[in-house]
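**Q** I'd like to ask some things about the structure below.
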Amino acid sequence: MMPDWEQIVDAHARLVFGVAFRIVGQTHDAEDVAQETFREAFELAAAGRVTDWRGCLCRIATFRAIDLVRRRRKFGPLDGVPPSAVDEPLAKLEARELSDRLQAAVSELPRQPAAVFALTYFENLSRDEIAAALETTPGAVSVALFKARKQLQQILQLDPLQKEVYHEP
């Protein structure tokens, strides 16, 4: 039996949009990711494969948002200037550039470490919550997060003592 779809969307729409927005950084892209997330979740529900809606939707939204950032990086912006960079104060521009660098770097990670990093730092989920969402163990989440941090340090060429891009949870 299919669940009440309208109720599920109403209960989780903000969560799904928030997950997507914190990864892709643009409203229209986050809306596209949210739509794709609910479409994919609907297909999983029809097959009887959803037991935890929150975890399922977080996982799908995270993976789809990372996929979108990867596609965007592959093709690059059309005019070379991100829309948010026009007519903004220097501080906002620098924050946006740092955010863009981090998004691009996360999109270079393998799928699981990218999802773990995004759910840890963009969604502030606990290791247990991430493990449930990704259907893995908290230990595997810790290992993936460690690997993600190390790879991001290499990608961003950061000093391990410099904590400007990410913080300890």
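Yes/no matrix, rows are residues, columns are (1) more than 21 Å from the chain's Cα centre (by Cα); (2) at pLDDT below 90; (3) not hydroxyl-bearing (Ser, Thr, Tyr):
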| position | (1), (2), (3) |
| --- | --- |
| 19 | no, no, yes |
| 27 | no, no, no |
| 33 | no, no, yes |
| 72 | no, yes, yes |
| 91 | yes, yes, yes |
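**Q** All but one of (1) more than 20 Å from residue 122 (Cα to Cα); (2) under 14 Å from the mean Cα position of the chain (by Cα) hold for residue 45; state the number of the condition that does not hold.
**A** The failed condition is (2).
**Q** Just to be sure I understand, how many residues within region 1-15 are under 16 Å from residue 124 (Cβ atoms) and in contact with a Leu (Cβ under 8 Å, 6 or more places away or on another chain)?
**A** 1
**Q** Pairs, please: C-beta under 9 Å, at least 6 apart or cross-chain, first residue farther than 9 Å from residue 127 by Cα and in region 137-149, second surrounded by 14 or more Cβ atoms within 10 Å (Cβ to Cβ) and aromatic (Phe, Trp, Tyr)?
**A** Hits for this filter: 144/117; 145/117; 148/117; 149/117; 149/166.
**Q** Looking at 10, 100, 79 in this structure, which one is acidic (Asp, Glu), closer than 30 Å to residue 152 by Cα and either at pLDDT 85 or above or surrounded by 16 or more Cβ atoms within 10 Å (Cβ to Cβ) (or both)?
**A** Result: 100 is the single residue among 10, 100, 79 that is acidic (Asp, Glu), closer than 30 Å to residue 152 by Cα and either at pLDDT 85 or above or surrounded by 16 or more Cβ atoms within 10 Å (Cβ to Cβ) (or both).
**Q** Would you be able to say whether some residue in region 52-70 is surrounded by fewer than 17 Cβ atoms within 10 Å (Cβ to Cβ), over 19 Å from residue 104 (Cα atoms), touching a Leu at 6+ places or on another chain (Cβ under 8 Å) and modelled with pLDDT of 85 or more?
**A** Yes, because at least one residue in region 52-70 is surrounded by fewer than 17 Cβ atoms within 10 Å (Cβ to Cβ), over 19 Å from residue 104 (Cα atoms), touching a Leu at 6+ places or on another chain (Cβ under 8 Å) and modelled with pLDDT of 85 or more.
**Q** Being of a type in the set (A, V, I, L, M, F, W, C) and either modelled with pLDDT under 85 or surrounded by fewer than 16 Cβ atoms within 10 Å (Cβ to Cβ) (or both) is the filter here; which residues of region 141-154 pass it?
**A** If the condition is that a residue be of a type in the set (A, V, I, L, M, F, W, C) and either modelled with pLDDT under 85 or surrounded by fewer than 16 Cβ atoms within 10 Å (Cβ to Cβ) (or both), then 143, 146 are the ones that fit.
**Q** Working only within region 10-49, note down all residues that are in contact (Cβ under 8 Å) with a residue 60 or more places away in the chain and assigned to a helix (DSSP H, G or I).
**A** 18, 19, 22, 23, 24
**Q** Give region 110-125 a look and list any residue that's assigned to a loop (DSSP other than H, G, I, E, B) and at pLDDT below 90, or say none.
**A** Within region 110-125, 123, 124, 125 qualify.
The values are calculated or read from the model by the stated rules, or taken from the named source; none is laboratory data. As the structure is a computational prediction, the values presented were derived from the model and not from experiment. Note that we place each Cβ from the backbone using ideal geometry, even for glycine, and neighbour counts take in every protein chain shown.
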